[in-house]
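Right, one structure below, let's go through it.
The values are calculated or read from the model by the stated rules, or taken from the named source; none is laboratory data. Quick caveat, the model's predicted, so the values are computed rather than measured. As a convention, Cβ positions derive from the backbone with ideal geometry for all residues, glycine included, and neighbour counts pool all protein chains shown. These accessible areas exclude ligands, DNA and RNA; they are computed on the full protein's heavy atoms, side chains included. Shrake-Rupley method; radii C 1.70, N 1.55, O 1.52, S 1.80 Å.
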Amino acid sequence: SIWHPPGATSEALGINDLGDIVGWVFGPTASAKHAWLWRHDGTQVDLRTLGGFGSQAYGVNDDLVVVGMSDRALRPPLAFVWTPATGMRDAGFGSNSRALAVSVRGRMAALRVVNAGVVGLTRRLRTSLQVLPDVAADKPPFSGPAGINACGDMVGSSSSPDPTNGNPVPALWLKERCD
C-alpha cells in the first residue's frame, strides 16, 4: 500500500520497474491536487506546479523522469517533465497539453487540445515534436497516446474511419527504429 498525508485524497496513475509510483494528492488543507511521487523506499515528493494551483503526474521511468500536466497562473495548463535534478519544467508540447507516459529512453507521449480537436505528440527532451497521425485522416484531429514502451512504440486511441461518427478506436503508433 502507499501512504498519503492524513485527510488527503490521492490517486496513483503510473509505476516504473523499480516500484516508484506517480499520481496526485489533494491534501486536507490544499486548494488543488499536486503531482506526487511515491518512491519505492517510502520517500514521498510533492512535485509542485508550474505556478498554478494544481498538477497531476501520469508516468515515470526508471531514471525518475516524471511526466504530467500542471496548471499555470492565468494561462492554460501545460505538459511537464520533472527530474530530481531540475524539478518541474515545461515539456515543450505547448499550451493545453499533457504528457501521459515516458519510456525508459526518455521519449514522451503527449496530447494537446487544439481548436479543431486533439493532437497526439511525441518527443524526447531537447528534440523536435513529432505529430502522431490520425487513423481517420478525413476527420478532425483526434489522437491520444496513453502508453509507451522502451522503443517508443505508443498505444492510445484515435478517430475511427468507420463508422462515420468518428468514435475512438484503439491505435498503435510504431517507431521505425527503437529510440
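So the values come out like this:
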| item | result |
| --- | --- |
| Any hit, the range 161-170, residues being farther than 22 Å from Asp17 by Cα and surrounded by 15 or more Cβ atoms within 10 Å (Cβ to Cβ) | yes |
| Test for Val114: is it among the β-branched types (Val, Ile, Thr) and under 25 Å from Glu176 (Cα atoms) | no |
| Conditions (1) surrounded by fewer than 21 Cβ atoms within 10 Å (Cβ to Cβ); (2) closer than 23 Å to Gly94 by Cβ: number failed by Pro145 | (1) |
| Members of the range 78-104 found to be within 22 Å of Ala12 (Cβ to Cβ) and open to solvent by 40 Å² or more (accessible area, probe 1.4 Å), listed by number | Pro84, Arg98, Val104 |
| Answer from Ser70, Ser31, Ser55 - the residue that is farther than 29 Å from Ser128 by Cα and touching a Phe, Trp or Tyr at 6+ places or on another chain (Cβ under 8 Å) | Ser31 |
| Identity of the residue in the range 6-29, part of a loop (DSSP other than H, G, I, E, B) and either at pLDDT 95 or above or open to solvent by less than 50 Å² (accessible area, probe 1.4 Å) (or both), that ends up farthest from Ala85 (Cα to Cα) | Ala8 |
| Qualifying residue in the range 119-128 (condition: open to solvent by 70 Å² or more (accessible area, probe 1.4 Å) and free of Cβ contacts under 8 Å to residues at least 40 places away in the same chain) | yes |
| Cβ-Cβ under 8 Å pairs, at least 6 apart or on other chains, the range 1-28 side touching a residue at least 60 places away in the same chain (Cβ under 8 Å), far side of a type in the set (Phe, Trp, Tyr) and in a strand (DSSP E or B) | Gly14/Tyr58 |
| Residue match in the range 57-76 (condition: within 16 Å of the chain's Cα centre (by Cα), farther than 23 Å from Arg123 by Cβ and either crowded, with 21+ Cβ neighbours inside 10 Å or modelled with pLDDT under 95 (or both)) | no |
| Scan of the range 30-45 for residues that are at pLDDT 95 or above and assigned to a strand (DSSP E or B), ordered by number | His34, Ala35, Trp36, Leu37, Trp38, Val45 |
